[in-house]
Amino acid sequence: MRNAILLAGVLAVTGAALPTSAALAEDAVYTGRFSNTAVGGYDAVAYHTEGEAVRGERAYTTSWNGADWRFASQDNLDLFVADPERYAPAYGGYCAWAVSEGYTAKGDPNHWNIVDGVLYLNYNREIKERWTQDIPGHIARADANFPALLSE
């Protein structure tokens, strides 16, 4: 809250517009409490190209939406930089099931699905099983809840 007040003060002094809640939430990327690394350091492109969770390397890192993103290869890094929205997980990498239920929780890079070309992370195996029981319904509810959910 203090940061939001400081941001509003800086923007008021400079004459800039205060970002809407939606804009702030759209830029939110889950990185964990003690890290600034998205997707737990896993390669967001590899889910799409290799169909598996692959650890990224520090040598292949870029920054996007306030987080550091790691990749397993220069090719994957280049693909992400060219079109990050295509490869970044839905809901900023928060657990898609939790977002569908109206709250946030960490997304685990080892519990995931790709649906219609979109990467969705879930909290754990049990939650992923719940997610897969009604993926279209969960996506519809999560889409309705996010991004306003992060501004609460």
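The values are calculated or read from the model by the stated rules, or taken from the named source; none is laboratory data. Just so it is clear, the model here is predicted, and its values are computed rather than measured. FYI the Cβ positions are ideal-geometry reconstructions off the backbone, even for glycines, and counts take in every protein chain you see. We work out accessible area using only protein heavy atoms, side chains counted, and drop any ligands, DNA or RNA first. Shrake-Rupley method; radii C 1.70, N 1.55, O 1.52, S 1.80 Å.
Go through the range 90-111 and count every residue that is within 21 Å of N65 (Cα to Cα), crowded, with 22+ Cβ neighbours inside 10 Å and touching a helix residue (DSSP H, G or I) at 6+ places or on another chain (Cβ under 7 Å).
7
Mind listing just one residue for me: the one in the range 117-152 that is open to solvent by 90 Å² or more (accessible area, probe 1.4 Å) and within 16 Å of G92 (Cβ to Cβ) and, of those, modelled with the lowest pLDDT?
Looking at residues that are open to solvent by 90 Å² or more (accessible area, probe 1.4 Å) and within 16 Å of G92 (Cβ to Cβ), I get E152.
With respect to R130, determine if the residue is of a type in the set (D, E, K, R) and touching a helix residue (DSSP H, G or I) at 6+ places or on another chain (Cβ under 7 Å).
Criteria met by R130.
Please specify each residue of the range 37-96 satisfying the condition of being of a type in the set (D, E, K, R) and more than 16 Å from N110 (Cα to Cα).
E57, R58, D68, D75, D78, D83, E85, R86, listed by residue number.
When both residues are 6+ apart or on different chains and their Cβ atoms are under 9 Å apart, which pairs have a first residue that lies in the range 33-51 and is over 20 Å from D75 (Cβ atoms) and free of Cβ contacts under 8 Å to residues at least 60 places away in the same chain, and a second that is in a helix (DSSP H, G or I) and aromatic (F, W, Y)?
none
Report, by residue number, each residue of the range 45-89 that is part of a loop (DSSP other than H, G, I, E, B) and surrounded by 13 or more Cβ atoms within 10 Å (Cβ to Cβ).
A53, V54, G56, N65, A72, S73, A88, P89, listed by residue number.
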